[in-house]
Amino acid sequence: MQYFSQAASYNHTKAKFNVAMIYSQKKYKKHNYRKAYNTFIELAQQNHPKAQYMIANALIKGLGVDKDYNLALKWLERSYFENNYYPARCMIAVVYANGYGVLQNFGRASVLAREGYKKKMPVCYKVYKEFNLHKHKTDRSFKFGYYRDLY
């Protein structure tokens, strides 16, 4: 933590991210979700896709900040659609499968999680199995223009 903090003080992006990750871990005796969130938000605003993902995770779970599903979805979409961070796609599937701040949409969740399920990505795999998304082949609501294009 000491070396990462020193490097972070010189605006080293990876070091800042690592400091935030350490603060977010319960096994670190001085863990602090709020400090982690504040560091992640600084990086996320600089277009760091993993930080954007971590912000969304904190907002969904209420770690160091009040739950805000709509804001979480915005960060996830930014992480995936603008920065091509694939794990964010799996979390977007979780949002739609659970109906976190959106209308529950198994078709949308299935389309988002299917490829990650095949690659055995943990979050995609879990949501795909848990919600039986194999039963939902298409996202029929996409034609109404409610969502960003996945392709």
Going through the stretch 9-29 one residue at a time, which ones are more than 17 Å from Val65 (Cβ to Cβ) and in contact (Cβ under 8 Å) with a residue 24 or more places away in the chain?
Thr13, Lys16, Phe17, Tyr28
Return yes or no: is Ile55 in contact (Cβ under 8 Å) with a residue 40 or more places away in the chain, closer than 27 Å to Phe131 by Cβ, of a type in the set (A, V, I, L, M, F, W, C) and surrounded by 15 or more Cβ atoms within 10 Å (Cβ to Cβ)?
no
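For every residue, the table says whether it meets (1) of a type in the set (Asp, Glu); (2) touching a Leu at 6+ places or on another chain (Cβ under 8 Å); (3) under 25 Å from Met121 (Cβ atoms).
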{"position": "His12", "(1), (2), (3)": "no, no, no"}
{"position": "Ile22", "(1), (2), (3)": "no, no, yes"}
{"position": "His31", "(1), (2), (3)": "no, no, no"}
{"position": "Tyr69", "(1), (2), (3)": "no, yes, yes"}
{"position": "Ser79", "(1), (2), (3)": "no, no, yes"}
{"position": "Ile92", "(1), (2), (3)": "no, yes, yes"}
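Could you list, in sequence order, all residues of the stretch 127-139 that are within 19 Å of Asn98 (Cβ to Cβ) and surrounded by fewer than 17 Cβ atoms within 10 Å (Cβ to Cβ)? Give the derivation first.
Pass one, the stretch 127-139, residues within 19 Å of Asn98 (Cβ to Cβ): 127-136, 139.
Lys129, Glu130, Asn132, His134, Lys135, listed by residue number.
Are there helices (runs of 4 or more DSSP H) fully within the stretch 60-121 with at least 2 residues that are in the same structural domain as Lys135 (by TED's automatic domain parsing) and closer than 22 Å to Gln25 by Cα? List them.
Numbers: elements: 69-77, 86-98, 106-118.
The helices (runs of 4 or more DSSP H) meeting that bar are 86-98.
The values are calculated or read from the model by the stated rules, or taken from the named source; none is laboratory data. Because the structure is a prediction, the values reported are computed rather than measured. A quick note on method: Cβ atoms are made from the backbone with ideal geometry, for glycine too, and the neighbour counts reach across all protein chains shown.
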